[in-house]
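Have a look at the structure below, then the notes.
Please treat every number below as a calculation from the coordinates, not as lab data. Just so you know, these numbers come straight off a predicted model, no measurement behind them. Note: ideal-geometry Cβ built from the backbone for every residue, glycine included; neighbour counts use all protein chains shown.
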Amino acid sequence: MPKTQITSPKIGKPSGHFAHATVVEARGRIVFVSGMLAKDSEGKIVGVGDIERQTIQVCENIKAAMEAAGGTLDDICRVDVFVRNMEQFDMIHKVRRQYFTGSPPASTMVETPKMTTPDALIEMSAIAVLQD
């Protein structure tokens, strides 16, 4: 699916692994991936207290959801990330670069004091377009 990442010279350079905007030129199906926590296949949080491990698990969960929908991480155009501690921004983006290896998706990251599970440090949702 053709995607164009937009970075405007009128806006400061992105501070992490994301684009200012993503343009998708495709006819296809839109996939909305629910907010994923760092839960394993049994529903237990992995990497308690470890943002790197939790971010890896979250990315693996998004990857699994995309594969189940018939797509890949490359089809993702936007992610929304909720974190307990914004000071972990650099580590989160280090992990994201390992998973989103092409052009980065448009993204928002917000610090939030609470998650649905007390041990969760990060939650990420995604929007993707699968070309017909």
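Some notes on this structure:
- Exposure proxy for LEU121, LEU130, LEU37: other Cβ atoms within 10 Å of each Cβ, ordered fewest to most, give LEU130, LEU37, LEU121.
- Modelled FRET efficiency - R0 22 Å, THR7 with THR101, Cβ distances, 0.05 increments: 0.80
- The residues GLU123, GLU87, when put in order of fewest to most other Cβ atoms within 10 Å, stand as GLU87, GLU123.
- The phi-based Karplus calculation (6.51 cos²θ - 1.76 cosθ + 1.60; θ = phi - 60°) puts the 3J(HN,Hα) values of the range 127-132 at 10, 9, 10, 9, 6, 6 Hz, whole numbers, x for Gly and Pro.
- Distance from the range 1-50 to the range 64-132 (C-alpha centre basis), Å: 5 Å
- Inter-label distance, nm, simple model (7 Å from Cα along the C-beta direction), GLN131/ASP119: 4.2 nm
- Residue exposure sequence - PHE89, PHE100 - by fewest surrounding Cβ within 10 Å: PHE89, PHE100
- Using the Cβ-Cβ distance between HIS20 and GLU111 with R0 set to 22 Å, the FRET efficiency from 1/(1 + (r/R0)^6) comes to roughly 0.60.
- Relative contact order (percent, whole number), the chain, Cα cutoff 8 Å, 6+ residue spacing: 38 percent
- Oblate is the label for the chain, because a/c, from the alpha-carbon gyration tensor with a ≥ b ≥ c as root eigenvalues, is 1.5 or above and a/b does not exceed b/c.
- Principal-axis tilt of helix 89-99 within the chain, Cα atoms, nearest 10 degrees: 60 degrees
- Estimated FRET transfer efficiency when R0 is 25 angstrom, pair LYS94-THR72 (beta carbons, to 0.05): 0.75
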